[in-house]
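Here the structure is laid out as structure tokens; the discussion comes afterwards.
Derivation of every value follows stated rules applied to the coordinates shown; laboratory data play no part. A quick note: this is a predicted structure, and the numbers were derived from the prediction, not measured. Please note: Cβ atoms are built from the backbone with ideal geometry, for glycine as well, and neighbour counts cover all protein chains shown.
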Amino acid sequence: MALVRQLREQWGHMPGRLARLWQPQARLSRAPGAMVSFTFDDVPRSAVTVGARLLAAHGWKGTFFLAGGLEGTRTDGQQMFGREDLAALVAGGHEIACHGFGHRRLPSLPWRAIGEEVRRNRDWLGAAAGMAMAPAFAYPYGAACPRSKTAIARHFPLARGIAAGVNGRWLDFGQLRVFPMERRSFTPEGMRRAIAEARRGGGWLVVFGHDLQPHPTPWGETPCNFARMLDAVAEAALPVLPLTAAAAVARGAPLSAGPAAPASARSRAPGRG
Ligand SMILES: [Zn+2]
């Protein structure tokens with residue numbers, strides 16, 4: 001029975017594994033060196049009130065993957081972004097990108113419904129903020145299969161997953177890997193290792209998170225640890241770019257953003273984790 005259960009479990013992981021192997025958008029990175037991007041999904045209010053604020057203290061801009069259907073809701077015990085948070089992100093020059101209007105798992109949707117999730121989200125942002133979404137997508141729950149990955153590639157030249165890892169020289173623009181700022185996996189050692197790996201190999205470290213609060217959900221982190229992450233990136237003097245700007249550099253555009261902000265601009269942790 002244990003074997004049957006194991007086989008079933010392995011079979012359940014198969015679409016996700018196949019998706020990571022199915023890489024029609026993979027290219028060799030042309031970035032001159034290591035880069036870092038900070039991304040938030042969904043987005044809980046604290047990602048804006050704490051995350052965007054700490055990024056701004058360093059002079060950096062993040063990428064926020066919004067799902068219009070979550071606006072103003074309470075989801076998993078979290079107060080999600082409201083119209084004023086959206087306005088704050090826009091005013092701060094942060095990047096607003098697409099996470100699917102209803103935050104649905106794409107592998108379970110028919111082809112047309114995937115396009116509808118994208119269109120509805122684009123229309124929502126156009127009506128809510130009078131602006132276009134950045135050309136990047138984050139798979140809700142990180143869930144992808146070769147079919148949904150192909151569907152998303154028709155709409156976006158860039159997509160981000162949630163599989164952990166530093167993006168190396170061979171880059172899958174259709175499913176970027178991440179360093180999760182998540183309570184269930186974050187360690188200061190892991191953070192230092194990821195930054196060192198990116199630095200050593202000229203990799204692209206894409207940080208991703210959700211809520212930032214003193215007692216975070218398993219998918220969030222403390223403001224203290226997020227500030228720690230920002231300080232470690234600043235100390236490593238790695239350039240920080242929004243996701244689409246970093247992707248442009250990886251495709252051969254010149255790196256125009258300067259190096260990390262000086263120490264005087266570094267944030268202070270608002271509290272202990
Ligand atoms: Zn999400």
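Table for the structure above
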read-out: Relative contact order %, the chain, counting alpha carbon pairs below 8 Å whose residues are six or more apart; value: 25
read-out: Helix-only mean residue ellipticity at 222 nm for the chain, each DSSP H run of n ≥ 4 adding -39500 (n - 2.57), per residue, nearest 500; value: -11000 deg cm²/dmol
read-out: Highest-first arrangement of 61-68, 20-27, where packing means the average Cβ count within 10 Å; value: 61-68, 20-27
read-out: Charge dipole magnitude, Cβ of K and R +1, D and E -1 - the range 140-233, Cα centre, debye nearest 20; value: 340
read-out: Relative contact order (%) - the range 103-245, alpha-carbon pairs under 8 angstrom, separation at least six; value: 18
read-out: Sequence-distant residues sharing a close amide H with Thr73 (under 5 Å, placed H); value: Met80
read-out: Cβ charges +1 (Lys, Arg) and -1 (Asp, Glu), total dipole of the chain, debye; value: 680
read-out: Counting DSSP beta bridges with both ends in the range 28-257, the antiparallel % (nearest 5); value: 20
read-out: Amide H contacts of Leu171 (H built 1.01 Å from N, under 5 Å, at least 5 apart or other chain); value: Arg27, Leu28, Ser29
read-out: Shape call, the chain: gyration tensor on alpha carbons, a/c limit 1.5; value: rounded
read-out: Amide H contacts under 5 Å for Val178, placed H, 5+ residues apart; value: Ala163, Ala164, Gly165
read-out: At R0 = 35 Å, FRET efficiency that the Cβ-Cβ distance of Asp123 and Leu28 yields, to 0.05; value: 0.45
read-out: Residue with peak Gaussian network fluctuation, the chain [Cα springs, cutoff 10 Å], from Arg17, Arg45, Arg154; value: Arg154
read-out: Positive-end residue, the chain charge dipole about Cα centroid, Cβ charges, pick of Ala19, Val50, Tyr139; value: Ala19
read-out: Charge dipole magnitude, Cβ of K and R +1, D and E -1 - the range 87-139, Cα centre, debye nearest 20; value: 200
read-out: Backbone HN-Hα couplings from phi across the range 23-30 [Karplus 6.51/-1.76/1.60, Hz, Gly and Pro as x]; value: 10, x, 9, 7, 9, 6, 5, 10
read-out: Cα gyration tensor shape for the range 27-73, rounded if a/c is under 1.5, else prolate or oblate; value: oblate
read-out: Karplus-derived 3J(HN,Hα), 6.51/-1.76/1.60, for each residue of the range 170-184, Hz, glycine and proline x; value: 8, 10, 8, 5, x, 6, 5, 8, 9, 10, x, 8, 10, 3, 6
